[in-house]
Amino acid sequence: MSDKKGIHELYAADAAEADRQLWGRKTDPLSRRGFLRGSGLAAMTAAVGASIPFAEYMPGGLIPAALAQSDEPFAVPGKEGLIVLNDRPINAETPAHLLNDDVTPASRLFVRNNGVPPATADTSADDWVFEIGGESCGRPMRMTVGELKQTFKHHTLQLQIECGGNGRAEFNPPARGNQWSTGAVGCPEWTGVRLKDVLRHAGIKDDAVYVAYEGADSHLSGDPSKRPISRGVPVAKALENESMLVWAMNGEPLPVLHGYPLRMVCGGWPASVSGKWLNKLLIRDRVHDGEKMTGQSYRVPCKPVAPGTEVADEDMCIIESMPVKSLITLPKSGISHGIADALAVRGHAWAGDDAIREVHTSIDFGASWQRARLQKAANRLAWQHFDASIRFPQTGYYEVWARAEDAKGRQQPMVLPGWNPRGYLNNACHRIAVQVTA
Ligand SMILES: Nc1nc2c(c(=O)[nH]1)N[C@H]1C(S)=C(S)[C@@H](COP(=O)(O)O)O[C@H]1N2
Ligand SMILES: [Mo]
């Protein structure tokens with residue numbers, strides 16, 4: 001990596017090449033999207049269609065109003081249809097109807113970056129070096145992905161990841177951060193090795209408490225001493241069969257945006273624990289204190305609070321297993337449907353570390369519920385598919401609601417659950433609109 005340019009420098013020098021490295025294809029640096037990711041003055045001039053006399057005073061990263069007002073939507077190549085919430089860092093979510101696949105394809109997996117991704121596209125995966133260390137590591141070592149593949153047994157599992165802030169957009173008072181609606185979730189199939197096999201190889205001392213990651217992405221400030229994010233999980237979660245180090249997704253090398261060449265995946269917990277571009281594993285003798293582990297990040301009030309309450313850091317608790325949730329992925333909200341036919345409804349449900357026991361649907365705003373057909377998970381910590389065939393009593397406007405219940409009997413709330421300062425854990429029922437016509 002050290003002889004390679006960071007993606008920032010690369011953008012300054014050659015935006016199209018930087019796009020190729022990051023997105024796997026060359027893009028037009030004059031497009032609005034290409035522009036936003038740091039094209040030089042020449043491209044900017046061409047894009048606004050005039051020279052810019054005071055260009056030297058333009059703040060770095062400023063979007064000229066001529067372009068900011070353009071209607072051309074933001075787009076992420078290879079992720080058509082995703083909604084871009086933020087361009088620096090790149091964050092994009094998937095509309096519900098594009099999440100209908102049983103196994104989420106790369107093209108439809110949300111992207112959540114806290115910093116600037118490293119330019120890893122031209123890196124040979126097998127030569128990628130990562131370190132294992134930390135106070136509670138018995139035999140600190142360096143390993144390559146090639147050695148990882150040779151040393152440990154390979155496993156392929158479908159594991160669900162959901163951003164802790166998925167659903168944030170609904171909270172009131174609003175929480176700052178990316179305004180995710182429902183699309184920061186996906187369930188691809190991952191191939192790699194069990195984290196526990198690697199940790200045991202490197203020696204876990206008796207006093208081990210947490211297993212954490214560091215990635216090769218850089219902080220938005222450009223300060224090399226800062227990490228954009230460095231989180232982890234308690235040792236017990238790290239030692240589960242489904243906690244993995246993976247190099248492949250859906251049978252292909254990990255896409256650059258999803259952590260190529262190596263990432264951690266700990267399904268069912270906030271996806272922020274699933275570190276991308278892994279270059280360090282730390283076996284800690286304390287609760288990890290890396291970036292976005294402390295303060296209010298990925299924490300909720302230990303006791304419920306009224307909306308808008310200020311909560312002291314010491315009264316905030318780390319989010320672990322995510323709550324029960326479901327998503328209707330078929331049909332697309334807003335369709336018209338003829339009354340003569342039953343409407344086929346489909347979706348997925350998941351519940352952090354637990355399985356889903358039942359899913360119900362309602363067409364009368366929750367007054368009555370019908371049990372949907374529910375499939376078993378492909379494996380533990382994969383989402384489960386449900387489907388229902390719904391008939392409507394008369395023409396008019398309906399909403400189809402879905403409500404999942406986990407193995408412990410916990411159900412999704414029909415309205416917003418506990419407000420919290422950072423807007424995490426909104427698992428309210430998903431609903432779609434259907435116009436039933438004659
Ligand atoms: N190195 C690194 N790992 C990371 C992040 C990041 O910014 N840098 N974001 C985390 C967060 S907050 C989420 S929700 C998931 C998103 O994974 P995805 O972009 O592959 O969907 O990655 C996690 N791992
Ligand atoms: Mo996240």
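The values are calculated or read from the model by the stated rules, or taken from the named source; none is laboratory data. Worth saying up front: this structure is predicted, and the values here are computed from it rather than measured. Virtual Cβ from ideal backbone geometry, glycine too; neighbours counted across all protein chains shown. To get the accessible areas, we keep the full protein, side chains included, count just its heavy atoms, and leave off ligands, DNA and RNA. Shrake-Rupley method; radii C 1.70, N 1.55, O 1.52, S 1.80 Å.
Return the total of residues in the range 286-308 being part of a loop (DSSP other than H, G, I, E, B), surrounded by 13 or more Cβ atoms within 10 Å (Cβ to Cβ) and in contact with a strand residue (DSSP E or B) (Cβ under 8 Å, 6 or more places away or on another chain).
Total meeting the criteria: 6.
Give me a count of the residues in the range 251-302 that are among the basic types (Lys, Arg) and either closer than 19 Å to His155 by Cα or within 12 Å of ligand 1 (Cβ to nearest atom) (or both).
Of the residues in that region, 4 qualify.
Could you check the range 145-183 and list, in sequence order, the residues that are away from ligand 2 (no atom under 12 Å from the Cβ) and either polar (S, T, N, Q) or outside the structural domain of Val265 (by TED's automatic domain parsing) (or both)?
Gln150, Thr151, Thr156, Gln158, Gln160, Asn172, Gln179, Ser181, Thr182
Could you please let me know if Trp247 is under 27 Å from Gly167 (Cα atoms), away from ligand 2 (no atom under 14 Å from the Cβ) and out of contact with any Cys (no Cβ under 6 Å at 6 or more places or on another chain)?
Criteria not met by Trp247.
So which residues in the range 238-255 are hydrophobic (A, V, I, L, M, F, W, C), touching a Pro at 6+ places or on another chain (Cβ under 8 Å) and not in a strand (DSSP E or B)?
Matches in the range 238-255: Leu254 only.
Taking the conditions exactly as written (out of contact with any helix residue (DSSP H, G or I) (no Cβ under 9 Å at 6 or more places or on another chain) and aromatic (Phe, Trp, Tyr)), does Trp190 satisfy them or not? Reasoning before the result, please.
Numbers: out of contact with any helix residue (DSSP H, G or I) (no Cβ under 9 Å at 6 or more places or on another chain): yes; aromatic (Phe, Trp, Tyr): yes.
Criteria met by Trp190.
Does the range 226-237 contain at least one residue that is away from ligand 1 (no atom under 16 Å from the Cβ) and assigned to a loop (DSSP other than H, G, I, E, B)? Spell out how you get there, then give the answer.
Looking only at the range 226-237, we keep the residues that are away from ligand 1 (no atom under 16 Å from the Cβ), and these are 234-236.
Now restrict to residues that are assigned to a loop (DSSP other than H, G, I, E, B): none.
No, the range 226-237 has no match at all.
Only residues in the range 110-121 that are of a type in the set (A, V, I, L, M, F, W, C) count as the first member; pair them with residues that are open to solvent by less than 10 Å² (accessible area, probe 1.4 Å) and near ligand 2 (Cβ under 9 Å from one of its atoms), Cβ under 6 angstrom, at least 6 apart or cross-chain, and list the lot.
As it stands, the answer is Phe110/Ala184, since those pairs meet every condition given.
If I go through the range 141-197 residue by residue, how many of them are of a type outside the set (Lys, Arg) and more than 16 Å from ligand 1 (Cβ to nearest atom)?
19
Examine the range 122-129 for a residue that is more than 26 Å from Leu330 (Cβ to Cβ), at pLDDT below 95, in a loop (DSSP other than H, G, I, E, B) and within 16 Å of ligand 2 (Cβ to nearest atom), and state whether such a residue exists.
No, there is no match, as no residue in the range 122-129 is more than 26 Å from Leu330 (Cβ to Cβ), at pLDDT below 95, in a loop (DSSP other than H, G, I, E, B) and within 16 Å of ligand 2 (Cβ to nearest atom).
Matching residues to (1) under 18 Å from Ala351 (Cα atoms); (2) open to solvent by less than 60 Å² (accessible area, probe 1.4 Å):
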position	(1), (2)
Glu399	no, yes
Arg403	yes, yes
Pro413	yes, yes
Gly423	no, yes
Gln435	no, no
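Going through the range 193-227 one residue at a time, which ones are closer than 20 Å to Val129 by Cα and within 16 Å of ligand 2 (Cβ to nearest atom)?
Ala212, Tyr213, Gly215, Asp217, Arg227
Among (1) within 16 Å of ligand 1 (Cβ to nearest atom); (2) within 30 Å of Thr309 (Cα to Cα); (3) surrounded by 17 or more Cβ atoms within 10 Å (Cβ to Cβ), there is one condition Val116 misses while meeting the rest; what is its number?
The one condition Val116 does not meet is (2).
Residue check: is Glu320 open to solvent by 30 Å² or more (accessible area, probe 1.4 Å), more than 23 Å from His219 (Cβ to Cβ) and under 17 Å from the mean Cα position of the chain (by Cα)?
Yes: the conditions hold for Glu320.
Residue check: is Glu72 within 28 Å of Asp285 (Cα to Cα) and either open to solvent by 60 Å² or more (accessible area, probe 1.4 Å) or modelled with pLDDT under 95 (or both)?
No: the conditions fail for Glu72.
With the condition kept exactly as written, say whether any residue in the range 77-89 is open to solvent by less than 10 Å² (accessible area, probe 1.4 Å) and away from ligand 2 (no atom under 16 Å from the Cβ). Step through it out loud before you land on a result.
At the first step, the residues of the range 77-89 found to be open to solvent by less than 10 Å² (accessible area, probe 1.4 Å) are none.
Looking for residues that are open to solvent by less than 10 Å² (accessible area, probe 1.4 Å) and away from ligand 2 (no atom under 16 Å from the Cβ), one finds none in the range 77-89, hence no.
So Gln150 ticks every box in (1) touching a residue at least 12 places away in the same chain (Cβ under 8 Å); (2) open to solvent by 20 Å² or more (accessible area, probe 1.4 Å); (3) not aromatic (Phe, Trp, Tyr) but one. Which box is left unticked?
All conditions are met except number (1).
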